[in-house]
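The values are calculated or read from the model by the stated rules, or taken from the named source; none is laboratory data. For clarity, every value in this text was computed on a predicted model and none was experimentally measured. Using ideal geometry, Cβ is built from the backbone for each residue, glycine included, and neighbour counts are taken over all protein chains shown. In case anyone asks, the SASA skips ligands and DNA or RNA and just uses the protein heavy atoms, side chains included. Shrake-Rupley method; radii C 1.70, N 1.55, O 1.52, S 1.80 Å.
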Amino acid sequence: MNDFDHGASLSLEELRRRFPVSERVNYLNHAATGPISRGVQEAIRRQTEIHTTQHETATERYEPVFRECRESVARLVGTSAAHVAFVQNTSHGISLLANGQDWRAGDNVIVPEMEFPSNYLAWLNLADRGVELRRLKVVQGRATAEELSRAIDDRTRVVALSHVQYFNGFRADLSAIAEVAHARNALLVVDGTQSVGAVPIDVEAMGIDALVVSAHKWMLGPLGIGFMALSGEMLARTRVTQLGWLSVNDPFAFNREIDLPDDATRFEPGTENAAGIFGLAQRIREIEAYTIEGIERRILRLNDRFADLARRHGFEVRSPMEAGARSGILSFHHPAIADPETVAYLRDRGIHIGFREGALRVSPHYYNSEDEIDELAAALVEKSGIR
């Protein structure tokens, strides 16, 4: 069955040729970092060529690509371009949001107890301002609206969590969580780095106040570029804490007044990561050619294949597999292979997966093949001695 059910798609063989990593290794670790395509590499090269040979006109040559990228990010995540700001990475974006709130001693932030550090440490760092970090109980690795409703109160200013949890792949019901948070006038901050590029997300429809994403994982984008998508409420509530000459309206007037624009560009204080934005723009073109829905179907089908093989040999699948709660990450366990040494064993054989929270973690992407899934399963059976 064709997972990419429209005419713009390449065959799997053609797609794989666009990702040279597939010629060298069996790479199934996109939850760690993702390789870039030849197209993204070429987009970055185009930016450096402009910088090298057309430097005097670079600004006007960059501007259409920057605008395209901002607009395509907005389409991908369901918001308007005016609500998108480029950031260096997830940690950068979340720190901007955490430091920009008007905190009062006694306020609290709710974060799942097993949240990834990028969306944890910035909130913990508010302790010296009298802000309590409340660790949301996670039952079987699942952060739910029901648990949130037990922890939230009228002093909760922010609820922060990942759309997809990095260790077991649980996909949170963001609409339900947003409903609980907003009922208490709290803002919902979402780390989308383990979801965007692999599964659909809609900022406005889901009630997300801030979505922060690094491009170097599931988006298969360059290092050092990401974005924030902010609701109107988040824009209104968040003070700009990093100011630079590009933070203001009409920066080429070189005035020295703090005259911030109404849109999210107020959070972009200085010279842009031009190479990163060129690469990200190209990557979103590639996503749109397949559709995010087609990419998700392909990834989930590959995970279904591995889960079936794993269970057949007595492995325990620890990730949720039901619709709406699953993602591109599949966590699994067997006592004979539940250690980081298995990751090294596989790497020596050209197979790359991860190890998190006492379990092995596989995270295929849409260009991976069924043969690669089968190769992983066979290598694990060999390593464990299971038949």
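For the chain, give me the percentage of DSSP beta bridges that are antiparallel, rounded to the nearest 5 percent.
Details: 19 of 39 bridges.
Antiparallel: roughly 50 percent of the beta bridges in the chain.
What percent antiparallel are the DSSP beta bridges of region 106-210, to the nearest 5?
Details: 2 of 17 bridges.
That works out to approximately 10 percent antiparallel.
Starting from 0 in steps of 5 Å, tell me what percent of the Cα-Cα pairs of region 50-169 lands in each bin.
2, 10, 15, 16, 15, 14, 10, 6, 5, 4, 2, 1
For the chain, set up a GNM with springs between Cα atoms under 10 Å and report which of ARG318, ARG326, ARG46 has the largest fluctuation.
The residue that fluctuates most here is ARG46.
With a point put 7 Å past each Cα toward its Cβ, work out how far ARG135 is from THR53 in nm, to one decimal.
Between ARG135 and THR53, the label points sit 5.6 nm apart.
Report, by chain and number, residues whose modeled amide H sits under 5 Å from the one on TYR166, excluding near sequence neighbours (fewer than 5 apart, same chain).
PHE116
With θ set to phi - 60°, apply the Karplus curve 6.51 cos²θ - 1.76 cosθ + 1.60 along region 356-365 and write out the HN-Hα couplings as whole Hz, x wherever there is a Gly or Pro.
9, 6, x, 9, 7, 9, 10, 9, x, 10
Using θ = phi - 60° and the Karplus curve 6.51 cos²θ - 1.76 cosθ + 1.60, what whole-Hz ³J(HN,Hα) does each residue of region 320-330 get, with Gly and Pro shown as x?
x, 10, 7, 4, x, 10, 9, 8, x, 8, 10
Projecting each Cα onto the charge dipole of the chain (Lys/Arg +1, Asp/Glu -1 at the beta carbon, about the Cα centre), which of HIS83, TYR27, MET219 comes out farthest on the positive side?
Going by the Cα projections, it comes out as TYR27.
Rounded to a whole number, what % of the accessible area of region 155-285 do carbon and sulfur atoms account for, probe 1.4 Å? Each step should come with its number before you reach the end.
Values: 2330 of 4620 Å².
So the carbon and sulfur contribution to the accessible surface is 50 percent.
In whole Hz and in residue order, list the ³J(HN,Hα) couplings for region 263-274 that follow from phi through the Karplus curve 6.51 cos²θ - 1.76 cosθ + 1.60, θ = phi - 60°; x for Gly and Pro.
3J(HN,Hα) across region 263-274, in whole Hz: 9, 6, 5, 4, 8, 10, x, x, 3, 6, 7, 4.
Taking all pairs of distinct Cα atoms, average 1/r, flip it, and tell me the Kirkwood hydrodynamic radius of the chain in Å to one decimal place.
Values: mean 1/r = 0.0458 Å⁻¹.
It works out to 21.8 Å.
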